[in-house]
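Taking it in order: structure first as C-alpha cells, then the write-up.
The values are calculated or read from the model by the stated rules, or taken from the named source; none is laboratory data. Since this is a predicted model, take the numbers as computed values, not measurements. Backbone-built Cβ (ideal geometry, glycine too); neighbour counts: all protein chains shown. For the accessible areas, the whole protein counts, side chains as well, though only heavy atoms, and no ligand, DNA or RNA atoms are used. Shrake-Rupley method; radii C 1.70, N 1.55, O 1.52, S 1.80 Å.
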Amino acid sequence: MADYKIVVSEKLKSQIEDMTLEEIQALIEIPPNKEMGDYAFPCFKLAKLFRKAPNMIAQDIAEKIEVGDGIDKVVNLGAYVNFFVSKGELAEKVIKQIFDEKENYGKSDIGKGKNITIDFSSPNIAKPFHIGHIRTTVIGNALYKIYNSQGFNVIRINHLGDYGTQFGKLIVAYKLWGNKEAVEKEPIKELLKLYVKFHDEAEQKPEMEDEARAWFTKLENGDPEAKELWQWFRDESLKEFQRVYDLLEIDFDSLAGESFYSDKMPAIIDELNSKNLMIESKGTNIVDLEDVNLPPALIQKNDGSSLYLTRDLAAAEYRKKTYDFYKAIYVVGSQQELHFKQLFNVLRKMGYEWYKDMIHVQFGMVALEEGTMSTRKGRVVFLEDVLKQAIDKTREIVKEKNPDAENIDKIAREVGVGAVVFQELSNSRIKDYTFSWERTLSFEGETGPYVQYTHARCCAVKRKANVYISSDIDFNLLTDEDSTDVIKVLESFNKSIVHAMNKNEPHIVTRFVLDLAQAFNKFYHNNIIISDDIELRNARLALVEATRQTIENSLAILGMKSPEKM
Ligand code: ARG
C-alpha cells in the first residue's frame, strides 16, 4: 500500500521536524496482527532527540496527529505509534479503480519509450522440444507480458539453435541411414533417431566425427547440398515447434536464430583482432578473461569454424544496433551461466558499456524420475506430449463433473495448458526440480485450475445474481475482516507485478493470484453474497467483480486464460 505509507510518513513528519520523510518512511513497519493497526512507527530512535522515554514520545505524537486522508485512527501501543487505515475509503478507492481501468488494472507506463529484448525458448533444430524447454518458454513469455504491462516495448526473440557442428553430424547420419518419408512423417523423432545412431556408431568409428565437422564447414561455406538438407531439417522442425507454440499461444517478433549470424561473424573476428583482444592458443583463437577469473572465451576453433559464443557476440551487437535495448534479457538455464559470463565480459573488453544492461535470467534444471534427461540417449519427455496429456485429463474431469458443458474442448485446452504453465511459474526460477506426471496433472491445492476455478466461481455468482452491478455502492459495508483481506490483496496488484519485474520472477505474480484466490474463497464461504439486503448484495457483488477482473488480469500476465465456466 505505497500511498498509505506516504500519507503516514507525512503525518509523522508534521510532528518530527528533525527527520526527513525518507528516514521516517524507512522505519515504518507492518504490525504483526490486524488488531494493532495497518502501520506502526517505532519511537526508540527518537529518545535522544526528544530526551524522553520512547513510550511517552509515542503517546505524545499519537495524540497530536490528526486523522483523515484515509487514516481513521492513530493510537500508541507502547513505544509505537499505530495507524489504522479507513477500510471503507480503502474499499472505495480500490474497487473504483478496478471498475475504471478494467483489463488495464495493474498496468502502468513506467517503461514508456524503452526497448527490452527477451531471448527465450530458443530450442535446437532437429532436436526434441522437450520438457527441459518449458521453463524458458513460459518464463520468457510471462516476463514479456510483465514488462509489456508496465509500458516497455518488448521484442521477443527466439534464438533458434539452427547452426553448429551437430548439423554436420545430422547430414552424415541422414546420408548414411536416412529416409525422406520417415522424416517428413515425424521429423523430430526421426532426426533424433539419426542423431542417437550417429553417436552410437561414432563411438566405434571416431573418423565419423571428422566427417561431420567437414560437412559443417561445407555448410558454413554455402555448399548447396549441405544447405538444402539443413534448410529442410529446419523447416520440418519449425513445423513441430509451432504446434507447441500454438497450444501455448506464444508468438515471437523475431526468429533470427544462430544461422542468421553466420555472415556477421567475420566482422566480429575483425573487431576482436583490431581491438587486440584475440590471442592465438594451440591453433584456436581465444579472448583472455583472467582479469575476472574466468576461463578464456573460445572464439574460433582450429578448423576456423565459429562457435556458439561467437554467434552470441554477433547477436548482441546486432540487437544493440537494431533495437537499442534498455535491457537485454536471456532466459536460459543455469548450466549456461559460464557462457553468459564470458559473453558479457568479452563485450566489456570490447568497450561496450551496455554489457551492463544484459541479464542472464537463469533457472534450474528439470530432471526426470528416471534420471537426467539425455537427448543423445533418447531419454526425453516431449513438451507436446505433456500439454496433450494435460488437456486429455482435463477433458475427462470436465466431462465427468459437467457432462452438458458447452465447449468442452476449449475448456480442456485452457485449463489443461494453464495447469502446466502455472506449475512451471509457481516455483522460484532457480530451483532444480524433477518432472512428475502426477504433480503436473494434479489439480488439487495451489494449482492453476484452482485459480481458474475461483474465477469461474465469480462468474457463476454474477450469473446467479443476474443484476447489473450498481455504481451506487455503500463501501462501508465492505469493512469486515474477510472483505478487507480481499481488498488489501487487490490493492497490491501493481506492486506485485513491479516486484516480479524487478526480480525477473514471474512466481511473484503466481503467489499474488493464489493469495487473492484464497482470500476470496474465505470471503465466499463465510458470507452470503446474494443477500436479501439489497445494499449489502450490491456491495458484495462489486467485490466479486473486482476480484474476477483482477484474477483475469493476473492470469493474462502469466499467459493463461480465464474460462467463465469449467
Ligand atoms: N539453443 C540453446 C539451448 O537450447 C539456447 C539459446 C539461448 N540463447 C542464446 N542467445 N544463447 O541450449
**Kirkwood hydrodynamic radius (C-alpha pairs) into Stokes-Einstein, segment 272-409, 20 °C and 1.002 mPa s, D in µm²/s** = 114
**Item:** Cα principal axis extents for segment 68-227, largest first, Å
**Value:** 83, 37, 29
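Arrange the peptides 44-50, 385-391 so that the one whose residues have, on average, the most other Cβ atoms within 10 Å appears first. Please report the intermediate quantities before stating the final value.
On the way: 44-50: 14.3, 385-391: 19.4.
So the order, starting with the most tightly packed, is 385-391, 44-50.
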**Request:** State the volume of the convex hull built on the alpha-carbon positions of segment 199-307, expressed per residue in Å³ and rounded to an integer.
**Result:** 194
**Item:** Backbone HN-Hα couplings from phi across segment 129-139 [Karplus 6.51/-1.76/1.60, Hz, Gly and Pro as x]
**Value:** 8, 10, 4, x, 8, 5, 5, 4, 5, 7, 5
**Message:** How long are the semi-axes of the equivalent ellipsoid of segment 178-229, defined as square roots of 5 times the Cα gyration tensor eigenvalues? Whole Å, largest first.
**Reply:** 20, 18, 7
**Message:** Which one, Ile110, Phe99, Asn124, projects farthest toward the positive side of the charge dipole computed for segment 89-129 from Cβ point charges (K/R +1, D/E -1)?
**Reply:** Asn124
**Asked** Nearest 10 degrees, 0 to 90: what angle lies between the long axis of helix 383-401 and the longest principal axis of the chain (Cα atoms)?
**Response** 40
**Request:** Could you work out how far helix 337-349 tilts from the main Cα principal axis of the chain, as a 0 to 90 degree angle to the nearest 10?
**Result:** 90
**Asked** How high is the relative contact order of the chain, in percent, with contacts defined as C-alpha pairs under 8 Å that are six or more residues apart?
**Response** 16
**Asked** Can you give me the Cα centroid spacing of segment 183-208 and segment 32-108 in angstrom?
**Response** 67
**Asked** Got a number for carbon plus sulfur as a percent of segment 1-53's accessible area, 1.4 Å probe?
**Response** 55
**Asked** Which of the trypsin sites (Lys or Arg not before Pro) found in segment 238-338 are loop residues per DSSP with 13 or fewer other Cβ atoms within 10 Å of their Cβ?
**Response** Lys275, Lys282
**Complete:** A student applying the Cα gyration tensor rule (rounded when a/c is under 1.5; otherwise prolate if a/b is larger than b/c, oblate if not) would label segment 388-515 oblate
**Message:** If I model segment 474-548 as equal point scatterers sitting on the Cα atoms and use the Debye formula, what is log10 I(q)/I(0) at q = 0.12 Å⁻¹?
**Reply:** -0.36
**Prompt:** For segment 345-466, what % of the accessible area comes from carbon and sulfur atoms, probe 1.4 Å?
**Reply:** 46
**Fill in**
Inter-part gap, Cα centre of segment 113-170 to Cα centre of segment 231-256, in whole angstrom, is 11
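Filter the chymotrypsin sites (Phe, Trp or Tyr not before Pro) in segment 432-519 to those in DSSP coil with at most 12 other Cβ atoms within 10 Å of their Cβ, and list the result.
Working: sites: Tyr433, Phe435, Trp437, Phe443, Tyr450, Tyr453, Tyr468, Phe475, Phe493, Phe512; in loops: Phe443, Tyr468.
Of the chymotrypsin sites (Phe, Trp or Tyr not before Pro), the ones in loops of segment 432-519 whose Cβ has at most 12 other Cβ atoms within 10 Å are Tyr468.
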**Message:** So if I restrict to the alpha-carbon atoms in segment 409-473, what is the Rg, and what is Dmax, the biggest pairwise distance, in Å?
**Reply:** 16.2, 52
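If Glu424, Glu317, Glu290 are ordered by their accessible area, calculated over protein heavy atoms with a 1.4 Å probe, which sequence runs from highest to lowest?
Details: Glu424 5, Glu317 25, Glu290 130 Å².
Result of the area sort, largest leading: Glu290, Glu317, Glu424.
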**Asked** Within the accessible area of segment 472-566, what % is carbon and sulfur when the probe is 1.4 Å and the other protein chains stay in place?
**Response** 47
**Prompt:** Along the three principal axes, how long is the chain when you take its alpha carbons, biggest first, rounded to the nearest angstrom?
**Reply:** 87, 67, 40
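Send over the per residue convex hull volume for segment 332-430, Cα only, as a whole number of Å³. Before the final figure, lay out each step's value.
Values: hull volume 14.8 nm³, N = 99.
Cα-based convex hull of segment 332-430, divided per residue, equals 149 Å³.
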**Message:** With equal scatterers on the alpha carbons only and no solvent term, can you work out the Debye log10 of I(q)/I(0) for segment 1-40 at 0.28, 0.32 1/Å?
**Reply:** -0.95, -1.09
**Request:** Would you please give the residues with an amide H less than 5 Å from that of Ala367, counting only those at least 5 places away or on a separate chain, with H modeled from the backbone geometry?
**Result:** Tyr433, Thr434, Phe435
**Message:** Let me see the P(r) profile for segment 1-89: every Cα-Cα distance counted, bins of 10 Å, each bin given as a percent of all pairs.
**Reply:** 18, 58, 23, 2
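In Å, the Kirkwood hydrodynamic radius of segment 373-447 over pairs of distinct alpha carbons? It would help to have the intermediate numbers written out before the result.
Working: mean 1/r = 0.0736 Å⁻¹.
Across segment 373-447, the inverse of the average 1/r is 13.6 Å.
For a protection proxy built on the mean count of beta-carbon atoms within 10 angstrom, sort 498-511, 222-235 highest first, please.
Values: 498-511: 20.2, 222-235: 14.9.
Ranked by mean Cβ neighbours within 10 Å, highest first: 498-511, 222-235.
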**Asked** Taking every DSSP beta bridge that has both residues in the chain, what percent is antiparallel when rounded to the nearest 5?
**Response** 55
**Request:** Could you run the Debye sum over the Cα atoms of segment 277-321, one equal point scatterer each and no solvent, and tell me log10 of I(q)/I(0) at q = 0.19 Å⁻¹, two decimals?
**Result:** -0.63
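So what is the 222 nm mean residue ellipticity for the chain from helices alone, if each DSSP H run of at least 4 adds -39500 (n - 2.57) and you divide by all residues, rounding to the nearest 500 deg cm²/dmol?
On the way: 22 runs with 307 residues, N = 566.
Computed mean residue ellipticity for the chain: -17500 deg cm²/dmol.
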**Request:** Provide the per-residue ³J(HN,Hα) series for segment 18-31, in order, calculated from phi with Karplus coefficients 6.51, -1.76, 1.60 and θ = phi - 60°, each as a whole number of Hz, with x at glycine and proline positions.
**Result:** 7, 10, 7, 4, 5, 4, 5, 4, 5, 8, 5, 10, 9, x
**Message:** Just to confirm the number: angle between the C-alpha axis of helix 187-204 and the first principal axis of the chain, 0 to 90 degrees, nearest 10?
**Reply:** 60
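Can you pull out the trypsin sites (Lys or Arg not before Pro) in segment 99-136 whose DSSP state is coil and whose Cβ has at most 13 other Cβ atoms within 10 Å?
Details: sites: Lys102, Lys107, Lys112, Lys114, Arg135; in loops: Lys107, Lys112, Lys114.
Loop-located and lightly packed - Lys112.
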**Item:** the chain - accessible surface per residue (Å², probe 1.4 Å)
**Value:** 46
**Prompt:** Per the Kirkwood formula on distinct C-alpha pairs, the Rh of segment 15-154 is how many angstrom?
**Reply:** 19.5
